[in-house]
Structure formats: structure tokens, C-alpha cells
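Participant: Below is the structure I would like to discuss, written out as C-alpha cells.
The values are calculated or read from the model by the stated rules, or taken from the named source; none is laboratory data. Model, not experiment: these values are computed from the prediction. Glycine gets a Cβ as well: all are built from the backbone with ideal geometry, and neighbour counts include every protein chain shown.
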Amino acid sequence: MGYRCINLLTIVSLLLLFPVINGWGIDGHLTVCRIAQSRLSEAAADAVKQLLPEYAGNDLGSVCSWADEVRFRFHWSAPLHFINTPDVCNYKYTRDCEDDTGEKGRCVAGAINNYTTQLLTYNSGSSQADNNLTEALLFLSHFMGDIHQPLHVGFASDKGGNTIDVHWYRRKQVLHHIWDASIIETAEERLYNSNVDDLVDAVQKNITNDWADLIPRWETCSLNKTTCPDIYASEGIKAACDWAYKGATEGTVLEDDYFISRLPIVKLRLAQGGVRLAATLNRIFQ
């Protein structure tokens with residue numbers, strides 16, 4: 001299955017015209033991509049450098065939110081950012097990976113599979129293919145972040161927490177936004193000098209010092225697959241049920257107890273997203 005591609009000549013103008021929406025927010029996606037880029041093999045790092053649009057330099061993190069920024073105009077891509085389950089705490093690809101029209105494969109797991117398959121053609125030698133592969137890289141990098149945000153694999157009835165109104169301290173928010181941005185923003189303000197680079201460094205230290213023994217398991221893909229989004233999605237709905245939805249019903253005021261207990265889950269999922277994006281790109285660009 002393939003998805004429509006976007007002419008790269010429109011990218012710069014679209015970045016200026018359309019605001020960012022959902023999916024970890026800018027800093028969350030940047031964190032995932034910065035972690036990933038630091039873990040690339042020499043071959044993968046070279047391929048990423050070749051495929052990144054010129055305005056990005058060699059910074060994958062700077063374009064990791066591109067897929068959100070073009071979503072308003074390219075409506076076909078909207079269902080590719082998430083998965084809805086029928087209000088159950090488990091995920092099944094054949095049951096859950098479809099858009100509102102029932103077209104199968106149109107969810108974030110299907111998108112990861114699709115753009116991974118596209119990138120595996122990197123050495124085809126076609127200039128047109130290379131043009132499209134830039135888009136594939138940007139989509140894959142973004143969607144790998146999305147699938148690790150717990151409420152991007154949430155319940156259909158509340159659209160992944162988008163219809164649950166809560167208060168984040170004194171500010172009214174929907175629950176989905178709390179996980180996209182508010183927890184990260186509050187952590188940056190309180191713990192990281194309002195600096196995303198300090199957040200990235202903190203998660204990198206967690207990976208090195210606290211989670212080193214877990215990394216091989218995070219990186220491994222079953223049955224010699226290049227990427228394993230069904231595993232990531234299954235973890236996501238479990239985290240949504242165990243942490244995101246728990247104690248966060250309509251009208252709830254979420255304060256320090258929620259923030260302090262959920263921040264480690266956010267950092268863990270950011271780390272897993274970055275490690276797995278790197279592992280996927282390393283397998284693609286061997």
C-alpha cells in the first residue's frame with residue numbers, strides 16, 4: 001500500500017503557513033529524533049544526511065514535526081498519526097488499523113510499515129525515488145514518535161483523550177494535549193531551565209545510566225522485521241490505560257501527583273521512540 005507524496009518544493013512554504021498540531025509537540029518530536037540521530041550507524045547517518053532537505057542542514061530533529069505542520073492541508077495524512085481501539089486496553093492490527101471509512105492499513109502502525117518499505121528502496125538509483133524518500137524519512141521519523149505517545153493509541157470513544165476536558169493545574173486542557181505537550185513543557189520549566197536541549201540530555205543520560213540493559217530488547221525486531229510497530233502500539237495502549245486515562249476523567253484537576261508520576265513514563269516513551277527510530281534506520285540503511 002502506498003500513500004500520496006508531497007512535492008518537496010512546497011515544504012518550506014508549508015512550514016511557514018501552517019501551525020503545529022498534536023503528536024508530542026515540537027519538543028517531544030525533536031527529542032525522539034535527536035536521540036535517534038545520535039545512535040545512527042555510519043551508513044544510516046550518511047543516508048539521513050543525503051535525504052534531509054537542505055534547509056534542515058544535518059539536523060533531523062529540526063524537521064521531526066513536519067508531518068504535523070502539513071497535516072491541515074494534506075488531509076489524507078491525518079489518520080496516519082494515531083490508532084483508535086474500541087475502548088479496550090489491547091491492540092490488534094486487523095481490528096484497529098483503519099481510517100474512518102474502514103480502509104485498512106491507514107493508521108500510524110500502517111504508516112510506519114509503509115514508509116519503512118519505501119525507504120528500503122534507497123539504493124535504487126532513481127532521482128525521483130530519492131525525492132520521495134525525503135518525505136518518507138520525515139514521515140517515518142514523525143510517526144515513530146507518534147506511536148510512542150500513549151494517547152496516540154487510545155480509545156475511539158474519546159478520540160485518544162481529545163474529548164476529555166481536564167485542568168492542568170489552573171489551565172483548562174484536553175487530556176490528549178497534556179500528553180502531547182503539557183507534561184513536557186512543565187518538566188522543561190521546572191527541571192530543565194526551559195531548554196529542550198537539557199531535556200534531551202536528561203533522557204540520553206537515562207538511556208545510558210538507567211535503561212542500558214533494556215536497549216537491546218527495545219531495538220530487537222521479531223522475525224527479522226525491519227520495524228515492529230505492532231509491539232510499539234501494544235505498549236502504547238497499555239500505557240494509556242495504566243497511566244494516561246487513570247485518574248483523569250472529565251473535569252479532573254491534574255496537578256503534582258499526576259505530573260510527578262507520569263513524567264517518567266513520558267521520558268521512557270521518548271527514549272524508546274528514539275532508540276527504535278535509530279534501530280529501524282540502521283536496519284534500512286545497512
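Participant: List the pairs whose first member sits in segment 245-260 and is more than 12 Å from Gln173 (Cβ to Cβ) and outside any loop (DSSP other than H, G, I, E, B), whose second member is hydroxyl-bearing (Ser, Thr, Tyr) and at pLDDT 95 or above, and whose Cβ atoms are under 6 Å apart, counting only residues at least 6 apart or on separate chains?
Facilitator: Note: pairs meeting the criteria are Phe259/Thr186.
Participant: Now for a separate question. Note down all Cβ pairs under 7 Å where the first residue falls in segment 40-58 and is more than 19 Å from His142 (Cβ to Cβ), the second is surrounded by 19 or more Cβ atoms within 10 Å (Cβ to Cβ), and they're at least six residues apart or on different chains.
Facilitator: Ser41/Asn282; Ala43/Phe285
Participant: Listed residues Ile184, Ile231; which is under 13 Å from Asp27 (Cβ atoms) and surrounded by 15 or more Cβ atoms within 10 Å (Cβ to Cβ)? Break it down stepwise before answering.
Facilitator: Working: Ile231 fails: under 13 Å from Asp27 (Cβ atoms).
After applying the criteria, what remains is Ile184.
Participant: In addition: Among the candidates Asn132, Asn114, which residue alone is on the phi < 0 side of the Ramachandran plot, assigned to a helix (DSSP H, G or I), surrounded by fewer than 22 Cβ atoms within 10 Å (Cβ to Cβ) and at pLDDT 95 or above? Working first, answer last.
Facilitator: Details: Asn132 fails: at pLDDT 95 or above.
Among Asn132, Asn114, only Asn114 is on the phi < 0 side of the Ramachandran plot, assigned to a helix (DSSP H, G or I), surrounded by fewer than 22 Cβ atoms within 10 Å (Cβ to Cβ) and at pLDDT 95 or above.
Participant: For His177, only one of the following conditions fails: (1) out of contact with any helix residue (DSSP H, G or I) (no Cβ under 8 Å at 6 or more places or on another chain); (2) in a loop (DSSP other than H, G, I, E, B). What is its number?
Facilitator: With (1) out of contact with any helix residue (DSSP H, G or I) (no Cβ under 8 Å at 6 or more places or on another chain); (2) in a loop (DSSP other than H, G, I, E, B) applied to His177, the lone miss is (2).
Participant: Select from segment 198-244 the residues that are charged (D, E, K, R) and either part of a helix (DSSP H, G or I) or under 27 Å from His167 (Cα atoms) (or both) and list them in ascending order.
Facilitator: If we filter segment 198-244 for residues that are charged (D, E, K, R), which is where we start, we get 198, 201, 205, 210, 213, 217, 219, 225, 230, 235, 238, 242.
Asp198, Asp201, Lys205, Asp210, Asp213, Arg217, Glu219, Asp230, Glu235, Lys238, Asp242, listed by residue number.
Participant: Can you tell me which residue is farthest from Leu60 (Cα to Cα) among those in segment 142-196 that are among the acidic types (Asp, Glu) and touching a Gly at 6+ places or on another chain (Cβ under 8 Å)?
Facilitator: If we filter segment 142-196 for residues that are among the acidic types (Asp, Glu), which is where we start, we get 146, 158, 165, 180, 185, 188-189.
Checking which are touching a Gly at 6+ places or on another chain (Cβ under 8 Å) leaves us with 146, 165, 180, 185.
Working: Asp146: 16, Asp165: 34, Asp180: 19, Glu185: 21 Å.
Restricting to residues being among the acidic types (Asp, Glu) and touching a Gly at 6+ places or on another chain (Cβ under 8 Å), the top hit is Asp165.
Participant: Another question, then. What number goes with the only condition from (1) crowded, with 18+ Cβ neighbours inside 10 Å; (2) outside any helix (DSSP H, G or I) that His167 does not pass?
Facilitator: The number of the failed condition is (1).
Participant: Within segment 33-82, which residues are in contact with a Lys or Arg (Cβ under 9 Å, 6 or more places away or on another chain), closer than 28 Å to Leu151 by Cβ and not in a helix (DSSP H, G or I)?
Facilitator: Listed by number, the residues that qualify are Asp59, Cys64, Phe74, Phe82.
Participant: Given the structure, is Thr220 surrounded by fewer than 18 Cβ atoms within 10 Å (Cβ to Cβ), among the hydroxyl-bearing types (Ser, Thr, Tyr) and within 23 Å of Leu120 (Cβ to Cβ)?
Facilitator: Values: surrounded by fewer than 18 Cβ atoms within 10 Å (Cβ to Cβ): yes; among the hydroxyl-bearing types (Ser, Thr, Tyr): yes; within 23 Å of Leu120 (Cβ to Cβ): yes.
Yes, satisfied.
Participant: Tally time: how many residues in segment 248-286 are within 21 Å of Ala45 (Cβ to Cβ) and either among the charged types (D, E, K, R) or loosely packed, with under 14 Cβ neighbours inside 10 Å (or both)?
Facilitator: Just the residues of segment 248-286 that are within 21 Å of Ala45 (Cβ to Cβ), to begin with: 270-286.
Then keep just the ones that are either among the charged types (D, E, K, R) or loosely packed, with under 14 Cβ neighbours inside 10 Å (or both); that gives 276, 283, 286.
Number satisfying all stated conditions: 3.
Participant: Of the residues Phe72, Phe82, which single one is surrounded by fewer than 20 Cβ atoms within 10 Å (Cβ to Cβ) and under 19 Å from the mean Cα position of the chain (by Cα)? Steps first, answer last, please.
Facilitator: Details: Phe82 fails: surrounded by fewer than 20 Cβ atoms within 10 Å (Cβ to Cβ).
Only one candidate qualifies: Phe72.
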